[in-house]
Amino acid sequence: MLRSAFQKFISKQLAKPSGLFGRFFTARILEQVNVQMNAQSLLHIAPTEGDHILEIGFGSGQLLDRILKSHNSATVAGIDISPEMVAVVSKRLRHHIKIGRAEIKEGGIESIPFAPGYFTKLCSVNTLYFWSNPVRALAECHRVLQTGGKIILCFNAKKDMLSWPGHKHGFRLYEVAEVADLLMNSGFGDITLSSDQQQGQGLFHCISATAI
Ligand SMILES: C[S@@+](CC[C@H](N)C(=O)[O-])C[C@H]1O[C@@H](n2cnc3c(N)ncnc32)[C@H](O)[C@@H]1O
């Protein structure tokens, strides 16, 4: 009973880190457990000169930080529904925000607060489980990407998540083929996939696709 209540609390924190626990503990947990997923996502993003890259659901901000450090002219923007994560990452990236290389906003994937064609690349790691409307979410991603722009989604697949009881508390699970289908039906093509193991969490997948 107590164990299930704690599991539910953690699942809710992962979906939207909140309060002091979110700010100080969830952010720290995310920073430590998703290292390989963020590293693999960075390989797919491969920042280059002139890139303007959006991350959706940045959590502790590790991937945005890695992108900024991996290329000295790429610029980034990030949105997250959690005011606590927005505060944590605004502080973490304050230098880059000050010099105009980073922009951090509160917002959700279902209504991205940026103009059409604003980005060259868009990434989102461990968030698709929480999208209230995946079709609308991907339509929004397509809208803010330039034609030829790239989307990168990194996640654990349904068959691997089912063994973790926390998924029952609000996680929507997908197999890799379902995500690929959703992308193709949302105006994306050229789909590529890479899969790897994350310590303690098992197999994960990164799918990249091009906005056509
Ligand atoms: C499990 S955490 C992953 C954080 C980070 N990407 C990582 O992998 O370490 C999910 C993050 O996505 C955010 N999030 C959840 N639903 C979202 C949505 N619909 N739009 C934007 N962000 C969302 C949460 O607030 C949280 O910071």
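Within segment 40-89, being among the hydroxyl-bearing types (Ser, Thr, Tyr) and within 15 Å of the ligand (Cβ to nearest atom) holds for SER41, SER60, SER82. Condition test on CYS154, is it under 16 Å from the mean Cα position of the chain (by Cα), surrounded by 20 or more Cβ atoms within 10 Å (Cβ to Cβ) and within 30 Å of ALA5 (Cβ to Cβ)? Here the answer is yes, as CYS154 does meet what is asked. Pairing residues of segment 20-31 that are within 13 Å of PRO83 (Cβ to Cβ) with residues that are among the charged types (D, E, K, R) and open to solvent by less than 100 Å² (accessible area, probe 1.4 Å), at Cβ distances under 7 Å and at least 6 apart in sequence or on separate chains, gives GLY22/GLU84; ARG23/GLU84.
Checking each residue of segment 57-75 against the condition of being among the β-branched types (Val, Ile, Thr), modelled with pLDDT of 95 or more, out of contact with any helix residue (DSSP H, G or I) (no Cβ under 7 Å at 6 or more places or on another chain) and open to solvent by 40 Å² or more (accessible area, probe 1.4 Å) gives no match. Just checking, does segment 171-184 include any residue being away from the ligand (no atom under 15 Å from the Cβ), of a type in the set (A, V, I, L, M), open to solvent by less than 10 Å² (accessible area, probe 1.4 Å) and on the phi < 0 side of the Ramachandran plot? Yes; the residues of segment 171-184 include at least one that is away from the ligand (no atom under 15 Å from the Cβ), of a type in the set (A, V, I, L, M), open to solvent by less than 10 Å² (accessible area, probe 1.4 Å) and on the phi < 0 side of the Ramachandran plot.
Of the residues in segment 129-151, how many are within 9 Å of the ligand (Cβ to nearest atom) and open to solvent by less than 30 Å² (accessible area, probe 1.4 Å)? So the answer is 3.
From the list PHE119, PHE114, the lone residue that is under 16 Å from the mean Cα position of the chain (by Cα), away from the ligand (no atom under 12 Å from the Cβ) and farther than 15 Å from PHE58 by Cα is PHE119. Can you confirm whether segment 14-27 contains a residue that is more than 14 Å from the ligand (Cβ to nearest atom), at pLDDT 95 or above and not in a loop (DSSP other than H, G, I, E, B)? Yes, there is a match, as at least one residue in segment 14-27 is more than 14 Å from the ligand (Cβ to nearest atom), at pLDDT 95 or above and not in a loop (DSSP other than H, G, I, E, B). A residue that is within 14 Å of the ligand (Cβ to nearest atom), under 24 Å from GLN201 (Cβ atoms) and open to solvent by less than 40 Å² (accessible area, probe 1.4 Å) occurs nowhere in segment 90-101.
If you filter segment 1-40 down to residues that are among the hydroxyl-bearing types (Ser, Thr, Tyr) and in contact with an Asp or Glu (Cβ under 9 Å, 6 or more places away or on another chain), you find that the one that is nearest to HIS205 (Cα to Cα) is THR26.
The values are calculated or read from the model by the stated rules, or taken from the named source; none is laboratory data. None of the values given here were measured: they were computed from a predicted structure. Cβ sites come from the backbone with ideal geometry, for glycine too, and all protein chains shown count toward neighbours. Protein only, heavy atoms only, side chains kept; ligands, DNA and RNA dropped before computing areas. Shrake-Rupley method; radii C 1.70, N 1.55, O 1.52, S 1.80 Å.
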